[in-house]
Amino acid sequence: MHVFNWQEVDWVLLDMDGTLLDKHFDDYFWETLVPREYARRQGLELAAARQEVFARYQRQEGTLNWTDIDFWSRELDLDIPALKEGIRHLIEVHPDSEPFLRYVRRLHKRVILVTNAHYKTLELKMNQVGLLGCFDAVLSSFDLGAPKEDRRFWQRLEAKLQFEPGRTMLVDDNREVLQAARNYGVRFVFFKARSSSQAAPETSRRFPVIHYFTELMPPLESAE
């Protein structure tokens with residue numbers, strides 16, 4: 001349990017993939033399904049296709065292209081939205097996410113979904129899991145013209161929402177995003193270590209770590 005005063009928090013910013021949603025969908029999609037389909041389309045051995053696809057991924061890390069499924073459709077000559085639609089049944093919410101969302105709503109905090117996901121991916125996932133009504137606002141890096149790893153994202157987010165970084169919490173499974181938020185002045189940052197139900201939890205020395213949202217949920221009467 002992380003001890004802090006919820007009265008010092010007005011804004012709760014939450015990442016989507018790996019934080020609220022099980023990252024198994026994305027890991028399977030990008031690491032298994034896409035290379036397999038690329039190999040089939042290009043007539044390559046799977047190992048060669050994986051090497052080529054992963055090299056292309058690496059070149060786009062930290063940019064908007066990283067999560068732009070229209071970009072990857074063009075880059076790989078694949079219908080990425082259709083492939084995602086075909087396995088939408090794998091999109092799942094972490095079991096601790098909805099109780100935490102209810103908890104922070106009961107505390108009357110402003111709850112914002114902040115994601116690097118492309119708007120088509122965001123729409124697919126929110127339609128599948130039905131969480132859209134849990135947020136006061138939903139903002140993608142595509143709305144703000146910069147990924148969350150970029151300081152410009154936080155500058156534009158503050159201009160849009162008028163949030164106070166010193167009274168803001170962010171939970172994310174991306175260390176670079178957490179560092180960018182911390183550098184901007186976001187006071188409470190937490191690394192979500194258990195991003196995928198099918199993978200071992202990760203660790204971080206730079207940030208306070210949670211495996212489950214319950215670690216941020218003391219009894220409601222003491223939080224208030």
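The values are calculated or read from the model by the stated rules, or taken from the named source; none is laboratory data. Just so we're clear, the structure is a prediction, and the values are computed from it rather than from any experiment. No Cβ is skipped: glycine too gets one built from the backbone with ideal geometry, and neighbour counts run over all protein chains shown. For the accessible areas, the whole protein counts, side chains as well, though only heavy atoms, and no ligand, DNA or RNA atoms are used. Shrake-Rupley method; radii C 1.70, N 1.55, O 1.52, S 1.80 Å.
Quick check: the angle from helix 46-60's long axis to the longest principal axis of the chain, C-alpha only, nearest 10 degrees?
So the helix axis and the longest Cα principal axis differ by about 50 degrees.
For the chain, which whole percent of the accessible surface, found with a 1.4 angstrom probe, sits on carbon and sulfur atoms?
46 percent
Determine which residues of segment 164-204 fall in the zone a paramagnetic label at Glu158 would reach in this model, i.e. backbone nitrogen under 16 Å from the point 7 Å along Cα→Cβ.
164-170, 178-189
Lysines near Lys84 by alpha-carbon distance under 26 Å, same-chain residues fewer than 8 away left out - which ones?
Within the straight-line cut-off, Lys84 pairs with Lys23, Lys120, Lys125, Lys148, Lys192.
Take every DSSP beta bridge whose two residues both sit in the chain, then give the antiparallel share in percent to the nearest 5.
Antiparallel: roughly 5 percent of the beta bridges in the chain.
Per residue, how much accessible area does the chain have with a 1.4 Å probe, in Å²?
48 Å²
Could you tell me which GluC sites (Glu not before Pro) in segment 28-81 are loop residues by DSSP with no more than 16 other beta carbons within 10 angstrom of their beta carbon?
Loop-located and lightly packed - Glu45, Glu61.
Taking the dipole about the Cα centre of the chain, with the C-beta of Lys and Arg at +1 and of Asp and Glu at -1, give me whichever of Asn116, Ala146, Gly185 is farthest to the positive side.
Going by the Cα projections, it comes out as Gly185.
Pick from Phe29, Phe190, Phe71 the residue whose mean-square fluctuation is largest in a GNM of the chain, springs joining Cα atoms under 10 Å.
Most flexible of the set in this elastic network: Phe71.
Rg over Rh of the chain, using C-alpha atoms and the Kirkwood radius, what does it come to? Don't skip to the end; give the middle numbers.
Numbers: Rg = 17.9 Å, Rh = 18.3 Å.
Here Rg/Rh amounts to 0.98.
Between Gln51 and Phe4, what is 0.36 nm times their sequence separation minus the Cα-Cα distance? Round to one decimal in nm.
Stretched fully, the Gln51-Phe4 segment lengthens by 12.4 nm.
Could you compute the FRET efficiency for Asp77 and Asp27, with r as their C-beta to C-beta distance and R0 at 30 Å, rounded to 0.05? Intermediate results must be reported in sequence, preceding the final value.
Working: r = 22 Å, r/R0 = 0.75.
In this case the efficiency is close to 0.85.
Under a crude label model (7 Å from the Cα following the beta-carbon direction), how far is Arg206 from Ala137 in nanometres?
For Arg206 paired with Ala137, the spin-label model returns 2.6 nm.
Hey, could you pull the Cα Rg and Dmax for segment 1-72, both in Å?
17.8, 59
With a cut-off of 8 Å between alpha carbons and a minimum separation of six or more residues, what is the relative contact order of segment 93-224 in percent?
Computed over segment 93-224, the figure is 20 percent.
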